[in-house]
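Only one structure is covered here, and it is reproduced in the block below.
Taken together, the values in this text are just the output of simple stated rules run on the coordinates, not laboratory data. The shown structure was predicted, so the numbers you read here are calculated from the model rather than taken from an experiment. Here the Cβ is made from the backbone with ideal geometry for all residues, glycine too, and neighbour counts use every protein chain on show.
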């Protein structure tokens, strides 16, 4: 099951992009160490990422991942739960003897899980009115669900590379900003992306009533008044057109750019090894710009 | 959900026996420290235990736990998966700054998960012939699934209490033996226990085709030849009677006594604080003798 989830039984494209491990290795190099110093952290964050995807697909009922059946669809829910647990235990074991490493990982994971829980709970809230999900609640959710592990990836690399504590913390924050930008881009792809690129069915987020940023932004505009009705009746194509017309897509892309700028500002203020810092900046840009 | 799983919303009897936390505190005292020294370990092992029960019930499809609906029945599978993950992350966080603590916990957890996986896989093996589950495979499974965390509980307590490494390792092994004895007693209760005591439905293990020790022992006896047919046709009452007549119950209880004796021999060979060692021996005896 682990081999299946890493794509080792299929072509490399089934195995994910390896963003987190790249961040960890770049974090170590940015701290002035060899790339190899970051490898234990890179292994741990990829294991945690794989674990969280396995369980996330079960929680969300997502039947497809990277264009293939999700693990729980292929092997059953019980075995997929267990496989995720095993990857998590392995990740913790990899870092068990790295001073400060487990503290970083467990803190990030608590934020990831809280973000996933919020993401689930948001769908039971009303679309409008005082109980509706706010953009600030969205930001906290996205920072946890997506940003915490990206920040942890960078921070772990820097920690393993011997960076001083304030540099580790600043890289963590930069990764979190990049994660929010990444999630915003993911929201846009989830509504307007091509399934052959995203590996996910068209309109899935809209059908599930996910409180993505484009939806929240459209609901805040006068044109968005008809949106809850369309979503309730599962008119996903009409809903997508309305969200775009109400400015939801542009608002999400603008917000993504703001978070990426915040990440770049943090990076620019740190005493990092220039070559690694340049690669890091390019990788973060690519993360938030996945449409092209 | 965590409060529900710990029984904090009901009477104390819904919250489990607290065996693992008691072992950890006794491990610390056996090492000559104050009981309080073991508390972080006690918290961690109870969190891991709660996490493994939550996910185990999902994997086994068990709808009942401690006489109440299992968490996944009460709140849904997705939320229960997430709640288990959160308890696990919390456990790791509690020990993150204890030197050697995370290594002990993650090693035990890998064994627990391997034991759970074997337990699941055993049910797809044939009842008889060269592919059948052997008593040695059962022992390894039970030591992982049940013994590893009991051993870890004791070892963590001793570690936190400042015991030397060989003492920590010997207490780990003693706890593992006690865990196998505990699992054997659990197997017996799963077939012949009263549901008002066990909190589980009568005949559940037999209906699920679990390879419990009484079943394996009965299959090895000539009288057991009719057993696979009865189990396949879900004749659980007749199967229980046949297992008993074939000596399966006695064999399990004898095996349990042998593992408990091994645990006691290990404990007797260690330089432990006498009062704590006596309480520890009494607790382990109670574990393997849950029928009365």
Study note, to complete from the structure: Inter-chain shielding metric for B:117-125, i.e. average beta-carbon neighbours from other chains within 10 angstrom, reads 1
**Study point:** Within the range A:95-135, backbone nitrogen closer than 14 Å to the virtual label 7 Å beyond the Cα of residue A:232 toward Cβ
**Key:** A:125-129
Check your understanding: Say a label goes 7 Å from Cα toward Cβ at residue A:268 in every copy; what distances in nm does this one have to the rest, shortest first?
Key -> 7.5
Practice item. Find the relative contact order for the range B:166-281 and round it to a whole percent, using C-alpha pairs within less than 8 Å whose residues are 6+ positions apart. Key: 35 percent
Review point. Can you give the percent of C-alpha pairs in the protein assembly as shown whose distance is more than 45 Å?
Key: 24 percent
Point to revise | Tilt relative to chain A, helix A:39-60 - C-alpha long axis, 0 to 90 degrees, to 10 | key: 20 degrees
**Study point:** Sites residue A:270 and residue A:244 - FRET efficiency at Förster radius 30 Å, r taken between beta-carbons, to 0.05
**Key:** 0.20
Check your understanding: For label points placed 7 Å from Cα toward Cβ, what is the shortest-first list of nm distances from residue A:245 to its copies?
Key -> 7.8
Study note, to complete from the structure: To the nearest 10 degrees, the tilt of helix B:274-287 (Cα long axis) against the first principal axis of the alpha carbons of chain B is 20 degrees
Review point. Under the definition of partner shielding as Cβ atoms of other protein chains within 10 Å of a residue Cβ, what is the mean value for peptide A:75-87?
Key: 6
Review point. In whole percent, what relative contact order does chain B give with Cα contacts below 8 Å and a gap of six or more residues?
Key: 21 percent
Point to revise | Between helix A:19-30 and chain A: long-axis angle, C-alpha atoms, 0 to 90°, nearest 10 | key: 40 degrees
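Provide a whole-number value for the mean count of partner chain Cβ atoms within 10 Å of the Cβ atoms in peptide B:54-67. All intermediate terms of the calculation are to be shown ahead of the outcome.
Numbers: counts 1, 6, 3, 1, 6, 8, 1, 2, 0, 0, 0, 0, 0, 0.
Across B:54-67, the average partner-chain Cβ count within 10 Å equals 2.
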Exercise for review: Write down the radius of gyration of the range B:118-184 and its Dmax, each obtained from C-alpha positions, in Å.
Suggested key: 15.0, 49
Check your understanding: Among B:24, B:198, B:146, which one moves the most in a GNM of chain B with springs linking Cα atoms closer than 10 Å?
Key -> B:198
Review point. What fraction, in whole percent, of alpha-carbon pairs in the range B:3-147 exceed 27 Å separation?
Key: 29 percent
Practice item. Would you order B:17, A:145 from fewest to most other beta-carbon atoms within 10 Å of each residue's own beta-carbon? Key: B:17, A:145
**Study point:** Value of Rg/Rh across the range A:2-287 [Cα atoms, Kirkwood radius]
**Key:** 0.98
Check your understanding: Picking from B:248, B:100, B:179, which is most flexible by a Gaussian network model of chain B using Cα springs under 10 Å?
Key -> B:100
Check your understanding: Tell me, how many Å apart are the Cα centres for the range B:23-64 and for the range B:246-270?
Key -> 23 Å
Check your understanding: Nearest 0.05, what FRET efficiency do residue B:289 and residue B:136 give at R0 = 22 Å with Cβ-Cβ as r?
Key -> 0.35
Point to revise | Order of B:124, B:5, B:106 - criterion: other Cβ atoms within 10 Å of each residue's Cβ, fewest first | key: B:124, B:106, B:5
Study note, to complete from the structure: Percent of all alpha-carbon pairs of the range B:200-292 at distances over 15 Å, whole number, is 65 percent
Exercise for review: Highest first, please rank the peptides B:48-58, B:254-264 by the mean number of other Cβ atoms sitting within 10 Å of their residues.
Suggested key: B:48-58, B:254-264
Exercise for review: Report, for residue B:3, each distance to the same residue's label point in the other copies, shortest first and in nm; define the point 7 Å along Cα→Cβ.
Suggested key: 4.6
Revision key, fill the gap. When B:85, B:111 are arranged by how many other beta-carbons sit within 10 Å of their Cβ, fewest first, they go B:111, B:85
Review point. Ratio of the range B:143-282's C-alpha Rg to 2.2 N^0.38 Å, to two decimals?
Key: 1.24
Check your understanding: Given the rule -39500 (n - 2.57) for each run of at least 4 DSSP H residues, summed and divided by the residues of the protein assembly as shown, what is its mean residue ellipticity at 222 nm, to the nearest 500 deg cm²/dmol?
Key -> -21500 deg cm²/dmol
